[in-house]
Amino acid sequence: MSARLEIHDGDITTLAFDAIVNAANERLAAGGGVCGAIHRAAGPELAEACRTAGPCPTGEARITLGFRLQARHVIHAVGPVWQGGDQGEDALLGAAYENALTLAARHGLKSIAFPAISTGIYGFPLARATRIAVSTARAWCEANPSFERVVFCVFGAEAAAAYRKAMGR
Ligand code: APR
């Protein structure tokens with residue numbers, strides 16, 4: 001049986017999973033959005049760890065501890081900046097999800113929560129991004145059946161509805 005894909009509406013910084021994913025930038029610098037919230041909740045040790053773990057090219061992922069977070073680890077995944085859709089954005093977003101999942105599995109982790117990478121400051125259209133997130137995670141889970149839980153953590157009803165639609169629910 002492959003991992004359960006779930007939707008959670010709320011603040012990702014409060015979730016106690018093996019890892020939460022940060023929608024990061026290539027420098028792994030503390031930014032705004034979910035990245036800023038994760039850095040605030042984790043404490044200054046996270047920025048220090050990011051200085052060692054980075055940089056991280058778009059489409060790739062890096063891992064650090066979670067410090068003061070409930071989650072034991074943070075996986076920093078860098079999604080693409082939306083440039084209209086013909087600059088490889090779909091493939092780069094899929095790669096960010098796949099590389100984050102593969103990194104989690106390589107560290108023996110079994111549960112992970114993702115924000116909607118690239119759909120805020122980076123401007124990726126929400127419906128298109130959620131379809132990529134769900135199809136990438138679903139295919140990866142089928143190929144990695146010992147992984148237990150993949151949670152899409154969203155902010156608000158519109159994003160939750162987009163994920164439900166992408167999951168065919
Ligand atoms: N919990 C869950 N989701 C959140 C939270 C939170 N606490 N805060 C914001 N979000 C949602 C946003 O609503 C958006 O749908 O996360 C999604 C991703 O938005 P951004 O954080 O803006 O990420 P992204 O578009 O990938 O831009 C990345 O922003 O903060 C900087 O350092 C980051 O430069 C990078 C860029």
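The values are calculated or read from the model by the stated rules, or taken from the named source; none is laboratory data. The structure displayed is predicted, hence computed values, not measured ones. As a convention, Cβ positions derive from the backbone with ideal geometry for all residues, glycine included, and neighbour counts pool all protein chains shown.
Annotations
- Of residues in region 1-36 being surrounded by fewer than 16 Cβ atoms within 10 Å (Cβ to Cβ) and part of a loop (DSSP other than H, G, I, E, B), the one modelled with the lowest pLDDT: MET1
- Here GLY88 fulfils each of the conditions (1) exposed (fewer than 15 other Cβ atoms within 10 Å of the Cβ); (2) more than 15 Å from the ligand (Cβ to nearest atom); (3) more than 15 Å from the chain's Cα centre (by Cα); (4) on the phi < 0 side of the Ramachandran plot apart from (4).
Per-residue answers, yes or no, for (1) in a helix (DSSP H, G or I); (2) closer than 15 Å to TYR163 by Cβ; (3) modelled with pLDDT under 95:
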position	(1), (2), (3)
GLN87	no, no, no
ASP90	yes, no, no
ALA95	yes, no, no
LEU101	yes, no, no
ALA105	yes, no, no
LEU109	no, no, no
SER118	no, yes, no
PHE124	no, yes, no
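- Selection status of ALA71, under 16 Å from the mean Cα position of the chain (by Cα), hydrophobic (A, V, I, L, M, F, W, C) and surrounded by fewer than 19 Cβ atoms within 10 Å (Cβ to Cβ): no
- When every residue of region 102-110 is checked against the conditions, none turns out to be within 15 Å of the ligand (Cβ to nearest atom) and surrounded by 21 or more Cβ atoms within 10 Å (Cβ to Cβ).
- Members of region 133-169 that are assigned to a helix (DSSP H, G or I), of a type in the set (A, V, I, L, M) and in contact with an Asp or Glu (Cβ under 6 Å, 6 or more places away or on another chain): ALA160
- Checking region 23-41 against the condition returns no match, with no residue being more than 12 Å from the ligand (Cβ to nearest atom) and in contact with a His (Cβ under 6 Å, 6 or more places away or on another chain).
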